[in-house]
Structures are given as structure tokens and as C-alpha cells.
Amino acid sequence: MVKFLSWVNNEPDIKRATPYIRSPVDLAHYNTLAIEYLNSDRDEFDFADDLRDYLREKAASAPKSLESYKAAIISWLAENHVYLPAEMTRRIKVGGKSLTRDRAPTIEELRHILNHSDLQLKAYLLTLTSAGLRPGEGLGIEWSDVDLSTGKIHIRREIAKNGEPRDTFISSEALEVLLQWQAYHPLYAEKADAYTIPDEYIRDTNRVFPLSYNGVRDKYGRVLEKCGLDEKDPTTGWLVLRLHVMRKFFRTRLPQGGASIDAVEQMLGHEGYLGGAYVRLTEEEVEAAYRAAESALWIYKEPPYNKEDLTRLERENQALKGELSDVRRQIAMMSAMQASVASEPEALQELIDARIRELKGSGEI
């Protein structure tokens, strides 16, 4: 709404409470602009035209962003008793394909990124990649949400994007790093407090990763720059390997390890799999599917051979051993025959002569 009111009033920049670029917006200023806008001589057609023109002005934005802008403005107008008819708002089209090009990182790229990350960022990224969390969900989890003995994570309703609670899991590899971060966490909070906040303020140490989204995004961006992986989409200027692609890594890799799509979608919290449109798997079934496939999410550890591969290799090994025994037995027989011939050449010659006479008598030679 701040962006919309700025656009309506031809203000090029967002007005903030202080000169600091990340300070909160000046709410008093925008409340004044909102009242003036609502009390102007505009009718519902004028409001609809403003909405349409604003969305056209922002046409370079991603379709989901445009949908959010449209829904927010329509809801805001309705809250202030300006009701745009449905047939009017339906004509204001937004949509199309996502404008930002991104992709899931490779194992080698993730290894490179983690090698350049501090312990906090390393634990955070491994949590995202191995649990399929959205960046905001990863920042919202508290220590009480994590079972450090099993690696189970509970996503509370308050931090889930769709408002639906769910459970997911982190890999054994990620759990090892998370336990290291837990041990260092109190010291980190103490050092951070000394540099960033007033003495009378008490930091909330319940959060696993006590960072703002801007803070973790900036730290991650610096790491990508060090790694030479800071490629940006030419249209939107967004990083190709932005934080959201860690969830895409989970969605791509876990099925490759053998986990069913239903189990993966349930852990991701996609709509339908939590709302009853699909048959939900039990917690035990989801965990079993995850643990059987989690090696596909490992960054440093080498995936083990699965049971089928080991059984097949054992059968092939037994067959080769049998063939080798046959060859050895044949070699031993040939060696014995050679030794016998060498010791009794006259007897061999008599056998050969007798066989020749036999063949001549039968007329074969």
C-alpha cells in the first residue's frame, strides 16, 4: 500500500521515519496520503483505473507479486467502504510465467558455498536444504520446535506460509552441524548483544537462527560473491541461486533418493497434502521415506550402496568365485596329465598306436 500511495502521489522514493535506508516507513505520512486519496472526488471507476494503471506500471514485476498487489489494494479499498464490482476487477489481468530465472544448486556448488560460510549460516543452509523449509520458516523455528535426538522439526502455524502446521526432518549430516551451532549459540548471542543492541535489551534466545531476513540474505549474498556464484537474472536482478532455491534442491533431490512424491509434498507443506484433498501419510511413514532417501541430500558425506546393490554385487562375486574354482580345477587336471605324459612317454605312444590301428580297422582312416 505504501508503494501504491507513493505512485498515486508521484513520490519517487519511499519516505521513512529516519534517514536510515532500512528504517520503518513514515506511517503518519502515508496515513495522511491514504485519507486524502479516499476523500478525493474519485468514484469506483477511477479507483479501478488507478489499480489497472499501477499494475501496468509494475508489469516488470513477477506475476505472484502483481497478484499480491492487486489483492492488497482491493482489500484495502473494501476495508474503507470502496467496493469494486467483481466484473470490473476481473478485467484487470495479471499473470503469466515467473519472470525470475533460478535453479536448484548442485552438490558441488553447495559444498563451495558452505565452505565459505560461518557456522551460523552453514547450519541455516543445511537446515533449509535437508528439511525443505522456506527461508522465513527457517528463521522462525525455535529450539523447542527441534527434536535434536531425531532431527524432527515442527513448523508451527504462526511461521508456516500457508498457516498449516506440519512436521519435517533434517538429515544426520545437518543435525551434526546444528548441534555444533547449538553449543555456540549462547556465546554468539552474548557477542552480538555487545555490538548491536542497548544494554537493557534482552535478546530472544529461543530462535534457532536469531537473524532478520535482510541480515541472512546479505550475509548469503556476500558468500555467493566470494564463491563467484552471484550470477543474477538479467530481467529482475535477482540472484539465480537465491535462498529460495534451497527448497528447490530438497524437492529435486529427495525423490531421486527414492522418497515418494506424496511424502516429499507433505514435508514441503504444499496445499492439498495438508488440507485433506490427498490421503495423508502417517508421521512414521513420512519419516521412514525420508530416512531411506536422505543420503541424496548429503553435501559432504558419500551416499552408501543400497541393499539391492549390495545383494547384486554379492551374487556377482559368488558367481565369479565359482568360475575361478572351475578354471583352477581344469588347470590342475591339465598339469597332472602333462606330468603323466612326461613320466611315461612309451605308454602314451602305445595308446596312440592302438587308436590308429582301431581307426584303420574300422575304415575311418
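The values are calculated or read from the model by the stated rules, or taken from the named source; none is laboratory data. Quick caveat, the model's predicted, so the values are computed rather than measured. Every residue, glycine among them, receives a Cβ derived from its backbone with ideal geometry; neighbour counts consider all protein chains shown. Accessible surface areas use protein heavy atoms only, side chains included; no ligands, DNA or RNA. Shrake-Rupley method; radii C 1.70, N 1.55, O 1.52, S 1.80 Å.
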Checking the conditions here, which among GLU173, GLU164 is out of contact with any Cys (no Cβ under 9 Å at 6 or more places or on another chain) and open to solvent by 40 Å² or more (accessible area, probe 1.4 Å)?
GLU164
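Taking into account only those residues within the stretch 1-32 that are assigned to a loop (DSSP other than H, G, I, E, B) and touching a residue at least 24 places away in the same chain (Cβ under 8 Å), which is most open to solvent (accessible area, probe 1.4 Å)?
From the stretch 1-32, those assigned to a loop (DSSP other than H, G, I, E, B) are 1, 9-15, 17-24, 26; that's our starting set.
Subsequent filtering for residues that are touching a residue at least 24 places away in the same chain (Cβ under 8 Å) retains 1, 9, 22.
Numbers: MET1: 72, ASN9: 60, ARG22: 119 Å².
Only one residue fits best here, namely ARG22.
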When you scan the stretch 39-50, do you find a residue that is part of a loop (DSSP other than H, G, I, E, B), of a type in the set (Lys, Arg) and either over 13 Å from LEU5 (Cα atoms) or out of contact with any helix residue (DSSP H, G or I) (no Cβ under 8 Å at 6 or more places or on another chain) (or both), even just one?
yes
Please list, ordered by residue number, the helices (runs of 4 or more DSSP H) wholly in the stretch 153-267 having 3 or more residues that are small (Gly, Ala, Ser) and out of contact with any Lys or Arg (no Cβ under 7 Å at 6 or more places or on another chain).
172-196
Within the stretch 129-145, take every residue that is in a helix (DSSP H, G or I) and touching a Phe, Trp or Tyr at 6+ places or on another chain (Cβ under 8 Å) and give me the one that is nearest to ARG247 (Cα to Cα).
THR129
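Got a sec? Which of ILE107, ILE141 is under 30 Å from LEU211 (Cα atoms) and surrounded by fewer than 17 Cβ atoms within 10 Å (Cβ to Cβ)?
Details: ILE141 fails: surrounded by fewer than 17 Cβ atoms within 10 Å (Cβ to Cβ).
Exactly one residue qualifies, and that residue is ILE107.
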Among the residues of the stretch 61-76, is any farther than 30 Å from VAL223 by Cβ, open to solvent by 70 Å² or more (accessible area, probe 1.4 Å), free of Cβ contacts under 8 Å to residues at least 40 places away in the same chain and assigned to a loop (DSSP other than H, G, I, E, B)?
no
Some residue of the stretch 36-43 being in contact (Cβ under 8 Å) with a residue 24 or more places away in the chain, open to solvent by less than 50 Å² (accessible area, probe 1.4 Å) and under 19 Å from ASN9 (Cβ atoms):
yes
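Which one is farthest from PRO12 (Cα to Cα) among residues in the stretch 82-93 that are open to solvent by 70 Å² or more (accessible area, probe 1.4 Å) and touching a Leu at 6+ places or on another chain (Cβ under 9 Å)?
As a first pass, look at the stretch 82-93 and keep what is open to solvent by 70 Å² or more (accessible area, probe 1.4 Å): 83, 87, 90-91, 93.
With the extra rule that they be touching a Leu at 6+ places or on another chain (Cβ under 9 Å), the set shrinks to 83, 93.
Details: TYR83: 28, LYS93: 25 Å.
Out of the qualifying residues, it is TYR83.
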